[in-house]
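S.K.: Pasting a structure below so you can have a look.
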Amino acid sequence: MEYTGFKPPANWTIERVKLETLSPESFFENYVAKRKPVVVCGVLPSFNTDEWNDPTFLAGFKTKISVTGSSNGFDVAKSTRKLSASKGNLNSTSRSITAGDCLVQVETKVDGAFGSGKERMRMPFSELVDRLVKGDSNIYMTTQYEDFETSPELTASLSDDELNALRTISTWCQNPLTHLLPLLNPRPPLLGNLAPQQINLWLGRSSPDGGSSSGLHHDFADNLYSLLLGKKSFKLFAPSEAGNMYLAGTNPRIFANGLIAYVEGKRCTVRADGARHIDVAQWKVRTCQRTVDELESKLAKSRKKKDKGTLQEELSLAEAELEASMDSLLALQVGGDTMGQSSGGNGLAAEDDEDEDEGDEGDGNDIDDFEDDFEDVDDDTEDGNDSSGKRQRLTATSTTFASNAPKPLPPSFSKVPAGTLTKPDPPALNDFPLVRLSNGIDCDLEPGEMLYLPAGWFHEVSSRGDSGEGATSGLHMAVNYWLHPPTTTTFESPYEDGYWREVWEDTIEPQLKAWRTCLVGK
């Protein structure tokens, strides 16, 4: 299969449009469906506030958590009642927490660039902000995939079920954003019917004149990237240029929508929208079984002979469909699908090698490490997410290193040295002549602007700090939404079936709403 999306002509300049001129429908039809990058002048309303221009405020943002004791995670109704009863005073079911107490993982710069694969440091979010404000430009917060982490105090406040629910939430909204949810819109209207995959906060420091750089790589999700502080310079290449990018991975498969997967063995284990075939097969079995159960219940209650005949026909068809879906699932399981492990309850693939990623807007995808693949979106990162059910009690709050040993480049990264493409006519490209022959697009992003970048588009990003005075001087900060890449050109139904919609509506969204109900901004 070949990429059929937008391929920029020679000397093409990325389009810039005003946010107020875009509707969800026009954004999808003109850019998302065409797989065409665009700069949006303006940021999503929830980020167009003074609070989101002040990392110190975010670190000091206080919430009051009220837990429910629910046996099935957070319970919206119960938590609402507890919040209204406990407003204004702390009791045994409510306590004050600060976003700055969240443990975050931080990259360190190697040879002037991030995304080296070096093990990340762990520190409280407040410590990160303090060090950045005081001038430390060698640390950078990117995605928090590696582990689900929270403070010992919060861990002790939650039941096992509630902690597992928070773990599910953290696959979509990571620290410190788990504690900043009152300031967020989980699914902004501009996204239309696209299914969110994750939201991330990026925060670092660099000189306003010349900043840190990420390596050249591609992501596995569509990206809507909102720049709040500092400046970003992107070098972009369409997925059709994959053969010229000197990828670390081998045997890439490029889908029509631009998603790039790395095939192991004889087949690719994910679809063009990023869903694993085995997860979809399990979902289809569940969906068919629900239909059969509903029809059997209606048939048992039916009194009219004509209605019974119609229901029996429908039931026979549903049973046949159930049997076919079970056969498909069995074929995947017997066929040795390496992705057959549980997806951790959120519809996303669990990673076998959570540390394989490291780049900015995303990186490597070996379909065994699919979630790993959705890595950094901004400039330099790595990720990994362990969604195991183990209850973690973390006691360390100071900065530590797990290992200084570098890891191999993820498959989605180019072998071109990080920072090379941010320099004019760099000599290092003499070793990578095909990159010189490729159609690279330059894109600069200013504070208060967004970049929409479809899945599979290669990019290297250079970050420059805020040039203003005060506490934010030298800082760069962004928030991005990763979205499962669509496979149709229809706004109402951007995916081939209801899998991602159900993952969002039945699993992620209810827990997000319940967790937000437990948090009251102070």
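S.K.: Return the distance in nm (one decimal) between the two label points of a simple spin-label model at Asp161 and Thr310, each offset 7 Å from Cα along Cα→Cβ.
M.R.: 4.0
S.K.: Along the Cα→Cβ direction, 7 angstrom out, place labels at Glu15 and Glu446. What is the inter-label distance in nm?
M.R.: Once both label points are built, they end up 2.0 nm from each other.
S.K.: Taking 0.36 nm per residue of separation and subtracting the Cα-Cα distance, what length does fully extending Glu505 through Lys34 add?
M.R.: 167.0 nm is the gain from fully extending Glu505 to Lys34.
S.K.: Right, something else. Efficiency by 1/(1 + (r/R0)^6): what FRET value for Glu321 and Asn439, r their Cβ-Cβ distance, R0 = 45 Å, to the nearest 0.05?
M.R.: Approximately 0.45, to the nearest 0.05.
S.K.: Stretch Tyr246-Arg267 to full length: gain in nm at 0.36 nm per residue minus the Cα-Cα span?
M.R.: Numbers: separation 21, 0.36 × 21 = 7.56 nm, distance 2.23 nm.
Working it through step by step, the gained length comes to 5.3 nm.
S.K.: Now for a separate question. Using per-residue counts of other Cβ atoms within 10 Å, averaged over each peptide, order 274-284, 219-229, 314-324 from highest down.
M.R.: For the peptides 274-284, 219-229, 314-324, the packing ranking is 219-229, 274-284, 314-324.
S.K.: While we're looking at this one, here's another question. For the stretch 142-292, rounded, prolate or oblate, judged on the Cα gyration tensor with a ≥ b ≥ c (square roots of eigenvalues), a/c < 1.5 rounded, else prolate if a/b > b/c?
M.R.: Cα axes put the stretch 142-292 in the oblate bin.
S.K.: Among the listed pairs Lys109/Lys423; Lys7/Lys235; Lys232/Lys513; Lys64/Lys513; Lys7/Lys266, give every one whose C-alpha distance is greater than 22 Å.
M.R.: Over 22 Å Cα-Cα: Lys232/Lys513; Lys7/Lys266.
S.K.: What accessible area per residue, rounded to a whole number of Å², is obtained for the stretch 169-305 using a probe radius of 1.4 Å?
M.R.: In whole numbers, the stretch 169-305 has 33 Å² accessible per residue.
S.K.: Could I ask something else about it? Using a simple spin-label model with points 7 Å from Cα along the Cα→Cβ vector, what separation in nm is obtained for Lys134 and Cys41?
M.R.: Computed distance between label sites Lys134 and Cys41 equals 4.1 nm.
S.K.: Which order do peptides 167-177, 325-335 fall in by mean Cβ count within 10 Å, highest first? Walk me through the numbers before you get to the answer.
M.R.: Details: 167-177: 23.5, 325-335: 14.6.
For the peptides 167-177, 325-335, the packing ranking is 167-177, 325-335.
S.K.: Give the share of C-alpha pairs in each 10 angstrom bin for the stretch 407-514, from 0 to the last occupied bin, in whole percents, shortest bins first.
M.R.: The percentages, shortest bin first, are 9, 27, 28, 25, 10, 1.
S.K.: With a 10 Å radius around each residue's Cβ, average the other Cβ atoms per peptide and rank 48-60, 423-435, 186-198, highest first.
M.R.: Details: 48-60: 17.3, 423-435: 12.5, 186-198: 20.8.
Result, highest mean Cβ count within 10 Å first: 186-198, 48-60, 423-435.
S.K.: Okay, next question. Short version: ³J(HN,Hα) in whole Hz for each residue of the stretch 131-138, in order, from phi by Karplus 6.51 cos²θ - 1.76 cosθ + 1.60 (θ = phi - 60°), x for Gly and Pro, what are they?
M.R.: These are the phi-based 3J(HN,Hα) values: 5, 5, 4, 7, x, 6, 9, 9 Hz.
S.K.: R0 = 45 Å: FRET efficiency of Ser207 with Gln333, Cβ-based, nearest 0.05?
M.R.: Working from the Cβ atoms, E equals 0.25.
The values are calculated or read from the model by the stated rules, or taken from the named source; none is laboratory data. Just so it is clear, the structure is predicted and the values come from calculations on it, not from any experiment. Neighbour counts run over all protein chains shown; Cβ positions are idealised from the backbone, glycine included. These area figures cover heavy atoms from the full protein model, side chains too; ligands, DNA and RNA do not enter into them. Shrake-Rupley method; radii C 1.70, N 1.55, O 1.52, S 1.80 Å.
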